[in-house]
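Q: Take a look at the following structure, please.
Bear in mind these aren't lab numbers, they're just calculated from the coordinates by the rules spelled out. As the structure is a prediction and not an experimental result, all values here were calculated from the model. Glycine gets a Cβ as well: all are built from the backbone with ideal geometry, and neighbour counts include every protein chain shown.
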Amino acid sequence: MSENLPFEERYYQPPYKQLYKQSLEEPEKFWREMAEGLEWFSPFDKVLDESNAPFYRWFVGGKINITYNALDRQVKVRRNKIAIYWENEKGESRQLTYGELYNEVNRFAKILQDLGIKKGDRVLIYLPLMPELPIAMLACARIGAVHSVVFSGFSTQAVIDRINDAKAKLVITTSHTMRRGKRVELKRIIDEAVSQTPSVEKVLVIKRDEEIELNEERDVLYQDLIKRTGYKKVEPEETLSTDPLFILYTSGTTGKPKGILHLHGGYGLWTYLTTQWVFDLRDTDVFFNTADIGWITGHSYIVYGPLQNGASVLMYEGVPDYPNPDRWWELVEKYGVTVFYTSPTAIRSLMKYGEEWVKKHDLSTLRILGSVGEPINPEAWRWYFKNVGNSSLPIVDTWWQTETGGIMISATPGLGNYLLKPSANGLPLPGVDADVFTEDGKQAKPREKGYIVIKRPWPGMLAGVWGDPERYVKTYFSKFPGVYYPGDYAVRDEEGFFYILGRADEVLKIAGHRIGTREIEDILISHPAVAESAVIGVPDPVRGEVAVAAIVLKQGYQPSEELRKSLIEYVKNNLGPIVIFGGLYFVSKLPKTRSGKIMRRVVRSVISGQPLGDVSTLEDETSVDELKKVIEEFT
Ligand code: PRX
C-alpha cells in the first residue's frame, strides 16, 4: 500500500525556548514587541537606558499609568466581570466587578486629592487583606502618588521606621482585623507610631463595622469624606514609565530595612507578562493567591499582574486553619478556583492535619498550583502534588524577590513549558539571564554550589533603594561587579534547571517572611535589660526557619524564665508577631573576635551542633563553652 499516512519527524516546539532565545539575542526587538501588550499614553524613545548603570531605566520617555492598564482598559471590555472576590474567616463576603473597582478607585483617588496628596507624595498604607487595600494602592498610583504598604503583621517600631524613611505625608489604616477569631488592633499601632513621625499630616481611617475613636486634629474618616465628595471621576495621571509607583520595605543585612523602589513602566510590564507566562491566566480563571498584599507576592500577583490581565482574584482575610483546616479548600470549591498560589510553610502546616481535610472538597476546577517564598522540601512538594493536585497538576515553584518585581525562575505553563522536577525551580523566564557563580566570580559547573546572579537588567528589576543610592550599588552590584546579586545560594543541573538553596546572608525566612537578624538584634538591645545580642536562624520543620538569640544582660539583671518570655514578647510588640523564636539563651559573654566583632558564625555552629570551623580569631574560647553548656541545660 502506498497510502500517505500522516507521520511527522519534527516536534512541535512550545514557545518557551524560542522566546527565551530571542529575548537574549535580540533584546531591543523583543522588549519592543512585548511592551505592545500594554496601552501607553505616548510611546517610549528608548527601550533601555544603560547610561547610568546600574541605575537602569526602561522604556524611557514613554508615558503609561499602571492603573490605566489595570482598570480603564479592562472596563472597556469586562465592566461586569468580577475583579475581586473577598471573604473573611467568618464567611462574610464581598465582590467587586471591574466597573465597581474602577468607581471605588476613582472615589478614593478624589479623596486623596482633596487631602492634598500630589504626584510623588508618599502614602503609607497599613491595612489588612480587605478590598480597600488594593483600592487604596490603585488610587495612589492613579494620581501618581507613591504607595508604601506595610504588612499588618508588623508592629509599632517597624511602622515608625518605614514612615520616617519614606517621609510619608498620609497614613491609611483601619480599626482591626480578625485572626483566629480574635481581634488584632491596627489603629492603636498607628496611634502609637504617628507621635514619632513628623512627616505625617493626616491619618485616613477606614471604618469597618463599629464606631472608631478619632483624633480630631489628625484623623479623617473615609466614610465621611465619601459622603461629602460623592462620586467623581479622576483621570489617571499621565506618569512616565520611569516615575515611581511604590516603595516596599524589605530586610537586608543591616538593621535598617531597605525601601525597594518600583516604577510604572518596567514593573507594570514585568507583572503583566509573568502572570501570563507562569500562571497562564485566561479570562475564565479565578486566581487564589494566599499571600498578603503587604508582601511583594501580593503586590505583583493579587493586584498588578492579575488586574492588568483582566483576571478574577480571590482575597481571603484569615488563616488557613481557622475555623477548620479545610478553610482554603472550602474556598477553592466555593469560588471554582483554577490557579492556586501559596507557600511551602502553609503546605507544611496543613499537612499536619492529614489529607482527609483536602478530600472533603471538590478541587476539580484547579489546573495550576504554585509555590513561593522559600525552598519547598520534597515531602511538602509530594503532599501538595498528590492531595491538592490530584497527582496530575503542574506545580510552578517560582523563585523571585521583592527586588525582582516578578517571577524570575519557574516552569512556564503559559509558554507551553510544563517540565517539572520536584525541588527544582526550573528554567529562567524570557529576558532573565541567570547564572550560578562561584565565590571568585567564575561560572559554577553543573551541580556545583554557588550564588545565583542575573547578568543583565530586566524590566521588573528594582529601580533603586529609596533615598540610598549607595546602598543599592553596594548590596546588589558589588559582590560581582556588573551583575545583579540576589543573595541566594543555588545549583544548576546539566539540563539548566535551577535549584535555589536559601539565603547566603544574614536574612531569615520565617514561615516565608523575610526578616533580618540585625533588625531583631536592634530591637533586643533597645530593651533596658539587654546589653548585647546575637540572632541567627535555625531550621524548623514547619516554618522553614526560626530565630534563636544569645543574649548578654546588663548589670543588675538576672536570667529568668520570666525575662525570657518578656523579651520575646517585646520583639513581637515592636517588630511584629511574625518573628518566631526557636530559643533565647542568656550568656555572660558572646563569642567575639579580638577586635570585638560578634562571631555569629560561631554562635550558629554551637546552636546547631555543627563543627566550629576556624576559630583562630576568637578572643575568648570560654564564651563557646558557656554557650554550649547553656544550650545543653536548656534542651
Ligand atoms: O531566598 C529566596 C526566597 O525568598 C527570598 C525573597 O524574599 P522576598 O523578597 O520576601 O520575596 C518573597 C516572594 C517572592 C529569595 O531571595 N525565595 C522566594 N521564592 C523562592 C525562594 N527560595 C526558594 N524557592 C522559591 N520558590
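Q: Where the centroid of each part is defined by its Cα atoms, how far is the range 343-387 from the range 226-291 in Å?
A: 27
Q: Further question: Which value in nm describes the separation of the simple spin-label points at residue 41 and residue 118, placed 7 Å from the Cα toward the beta carbon?
A: Between residue 41 and residue 118, the simple spin-label model gives 1.6 nm.
Q: By per-residue mean of other Cβ atoms within 10 Å, what is the highest-first order of 207-213, 355-361?
A: Highest mean packing first, the order is 355-361, 207-213.
Q: Which order do the peptides 596-604, 425-433 come out in when sorted by mean C-beta neighbours inside 10 angstrom, highest first?
A: 425-433, 596-604
Q: Same structure, new question: Given H placed 1.01 Å from N in the peptide plane, which residues other than close sequence neighbours of residue 490 have an amide H under 5 Å from its amide H?
A: It is 450, 451, 452, 501, by chain and number.
Q: If Lys and Arg each add +1 and Asp and Glu each add -1, what is the summed charge of the other residues whose beta carbon sits under 13 Å from the beta carbon of residue 228?
A: +2
Q: In addition: Which far-off residues, 5 or more places away or on another chain, put their amide H under 5 Å from the one on residue 249, with H placed in the peptide plane?
A: The list, which skips near neighbours in sequence, is 260.
Q: In the neighborhood of residue 319, defined by Cβ-to-Cβ distances under 12 Å, what is the net charge if each Lys or Arg adds +1 and each Asp or Glu adds -1?
A: Surrounding charge for residue 319 is 0.
Q: Please give the charge dipole size of the range 469-517, origin at the Cα centre, charges +1 on K and R Cβ atoms and -1 on D and E Cβ atoms. Round to the nearest 20 debye.
A: Dipole magnitude for the range 469-517 comes out near 300 debye.
Q: Using the per-residue mean of other Cβ atoms lying within 10 Å as a proxy for protection, in what order, highest first, do the peptides 62-71, 380-389 fall?
A: 62-71, 380-389
Q: How far is the Cα center of the range 188-219 from the Cα center of the range 591-621, in Å?
A: A separation of 46 Å, based on Cα centres.
Q: Run down the lysines and flag those whose C-alpha is under 20 Å from the C-alpha of residue 17, throwing out any fewer than 8 positions away in its chain.
A: Cross-link targets: 29, 421, 455.
Q: Now for a different question. At q = 0.07 Å⁻¹, what is the base-10 log of I(q)/I(0) for the chain according to the Debye formula with one equal point scatterer per Cα and no solvent? Please give it to two decimals.
A: Results for the chain at q = 0.07 Å⁻¹ read -0.45.
Q: How high is the relative contact order of the chain, in percent, with contacts defined as C-alpha pairs under 8 Å that are six or more residues apart?
A: For the chain, the relative contact order is 12 percent.
Q: Of 376, 116, 552, which is farthest along the charge dipole of the chain in the positive direction, counting Lys and Arg as +1 and Asp and Glu as -1 at C-beta?
A: Most positive-ward Cα: 116.
Q: Per DSSP H run of at least 4 residues, take -39500 (n - 2.57); add these up for the chain, divide by its residues and hand me the 222 nm value, nearest 500 deg cm²/dmol.
A: It comes out at -8000 deg cm²/dmol, rounded to the nearest 500.
Q: Which residue, 567, 171, 305, has the largest displacement toward the positive end of the dipole of the chain when charges sit on each Cβ (Lys, Arg +1; Asp, Glu -1)?
A: 171
Q: Mind scanning 118/233; 167/232; 445/479; 256/554; 90/207 and naming the pairs with a C-alpha gap bigger than 22 Å?
A: Listed pairs above 22 Å: 167/232; 256/554.
Q: Let me ask you something else. Taking the Cα centre of the range 422-577 as origin, work out the dipole magnitude from +1 charges on Lys and Arg Cβ and -1 charges on Asp and Glu Cβ, in debye rounded to 20.
A: Rounded to the nearest 20 debye, it is 140 debye.
Q: Output the relative contact order of the range 32-79, whole-number percent, from Cα pairs under 8 angstrom with separation of 6+ residues.
A: 35
Q: With charges only on Cβ, +1 for K and R and -1 for D and E, what is the dipole size of the chain about its Cα centre, in debye, rounded to 20?
A: Rounded to the nearest 20 debye, it is 460 debye.
Q: Going by Cα centres, the range 413-463 and the range 1-32 are how many Å apart?
A: 22
Q: For the charge dipole of the chain, defined by +1 on Lys and Arg C-beta atoms and -1 on Asp and Glu C-beta atoms about the Cα centroid, which residue among 631, 5, 93 has the Cα displaced farthest towards the positive pole?
A: 93
Q: How much net charge surrounds residue 261 when only the other residues with a Cβ under 13 Å from the Cβ of residue 261 are counted, with Lys and Arg +1 and Asp and Glu -1?
A: Once all neighbours under 13 Å are counted, the net charge is 0.
Q: Let me ask another. Over the range 426-531, what relative contact order in percent results from Cα pairs under 8 Å that are six or more residues apart?
A: Dividing the mean separation by the residue count of the range 426-531 yields 23 percent.
Q: Please identify the helices of the chain, taking whole runs of DSSP H, that span at least 27 Å along their own axis as judged from the Cα atoms and have a mean Kyte-Doolittle score of 1.6 or higher.
A: Qualifying helices: none.
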